[in-house]
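Data block below; observations after.
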Amino acid sequence: MNYLAPSILAADFAQLGSEIRAVEEAGADWLHLDVMDGVFVPNISFGIPVIQSVRKTSRLFFDVHLMITDPIRYVEAFKKAGADGLTVHFEACPDTAAALKEIRAAGMKPAIAINPDTPVEKIRDLLPLADMVLVMSVFPGFGGQSFIPETLPRVRQLKAMLSESGLHPDIEVDGGIGTGNLQDVLDAGVNAVVAGSAVFKGDKTANVKAFRGILDKTI
């Protein structure tokens with residue numbers, strides 16, 4: 001199945017509840033929540049209180065992306081806040097395997113993310129521990145960046161590694177995705193797509209439906 005995960009980082013926070021309801025009713029599958037600490041990435045976004053609040057407004061799968069240092073410290077807290085899946089960065093974990101195991105033990109979907117300049121080969125031994133791999137298609141920290149084209153061969157490399165190992169986690173991309181390049185990432189092997197500005201700017205319902213038309217055709 002192909003999943004659309006609108007990123008609330010691009011939403012109007014003054015109207016966050018209604019923005020989330022709009023994309024949920026239009027056909028979004030997940031809600032992507034970017035947590036930034038100002039240390040691992042040069043920006044600060046939001047944290048546990050916001051996730052707790054929006055959890056009350058939505059039944060979507062909460063795809064929580066931790067762009068924070070040593071995220072294992074907060075696994076239980078994000079579980080209590082309402083996270084369904086928790087993504088940690090390979091670059092931010094002293095022990096990525098331990099973090100992924102802790103996430104699974106807490107009852108959430110464990111996922112590992114890699115930055116555009118991290119060789120895909122570096123996470124080979126961690127793949128059996130992950131239900132999803134997030135290949136960043138921009139450098140993390142800010143919304144609205146342009147898609148990095150070199151992401152596509154990286155996804156294909158990851159797909160080949162997974163096939164060799166007989167593993168079938170979801171593959172997600174995050175950053176600079178719109179309807180214009182969506183088919184390319186799907187063709188490379190992606191099945192979970194994060195989209196921020198391309199969903200929340202303009203007519204949210206029409207935007208989601210445009211994504212859905214491509215996602216549902218490519219299954």
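The values are calculated or read from the model by the stated rules, or taken from the named source; none is laboratory data. Just so it is clear, the model here is predicted, and its values are computed rather than measured. A quick note on method: Cβ atoms are made from the backbone with ideal geometry, for glycine too, and the neighbour counts reach across all protein chains shown.
Name the residues in segment 4-26 that are farther than 18 Å from ALA81 by Cα and assigned to a helix (DSSP H, G or I), would you?
Residues satisfying the conditions are ALA10, PHE13, ALA14, GLN15, SER18, GLU19, ARG21, ALA22, VAL23, GLU24, GLU25, ALA26.
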Subset of segment 152-176 [more than 16 Å from ASP117 (Cα to Cα) and either among the polar types (S, T, N, Q) or assigned to a helix (DSSP H, G or I) (or both)]: LYS159, ALA160, MET161, LEU162, SER163, GLU164, SER165
Report yes if SER137 is in contact with a Gly (Cβ under 6 Å, 6 or more places away or on another chain), surrounded by fewer than 20 Cβ atoms within 10 Å (Cβ to Cβ) and without any contact (Cβ under 8 Å) to a residue 60 or more places away in the chain, otherwise no. no
Looking only at segment 113-134, filter to residues that are charged (D, E, K, R) and over 15 Å from the mean Cα position of the chain (by Cα); which one of those is surrounded by the most Cβ atoms within 10 Å (Cβ to Cβ)? ARG124
Which strands (runs of 3 or more DSSP E) sit wholly inside segment 27-135 and have at least 2 residues that are in contact with a Lys or Arg (Cβ under 9 Å, 6 or more places away or on another chain) and within 30 Å of LYS209 (Cβ to Cβ)? 61-67, 85-89
Qualifying residue in segment 143-151 (condition: part of a helix (DSSP H, G or I), at negative phi and either of a type in the set (S, T, N, Q) or over 17 Å from the mean Cα position of the chain (by Cα) (or both)): yes
Out of all the residues in segment 41-98, which are buried (at least 19 other Cβ atoms within 10 Å of the Cβ) and polar (S, T, N, Q)? SER45, THR87, THR96
Being more than 15 Å from LEU127 (Cα to Cα), more than 13 Å from the chain's Cα centre (by Cα) and buried (at least 23 other Cβ atoms within 10 Å of the Cβ) is the filter here; which residues of segment 152-184 pass it? LEU182
Residue pairs within 9 Å by beta carbon, gap of at least six or interchain, first lying in segment 150-175 and farther than 17 Å from MET1 by Cβ, second part of a helix (DSSP H, G or I) and of a type in the set (Ser, Thr, Tyr), listed first then second, are GLY175/THR151
Could you give me the residue pairs with C-beta distances under 6 Å whose first residue belongs to segment 3-19 and is within 8 Å of HIS32 (Cβ to Cβ) and at pLDDT 95 or above, whose second residue is hydroxyl-bearing (Ser, Thr, Tyr) and in a loop (DSSP other than H, G, I, E, B) wherever it lies, and which are 6+ apart or on separate chains? none
List every residue pair whose Cβ atoms lie under 8 Å apart, where the two residues are 6 or more positions apart in sequence or sit on different chains, the first residue falls within segment 25-36 and is crowded, with 21+ Cβ neighbours inside 10 Å, and the second residue, located anywhere, is polar (S, T, N, Q) and part of a strand (DSSP E or B). HIS32/SER7; LEU33/SER7; ASP34/SER7
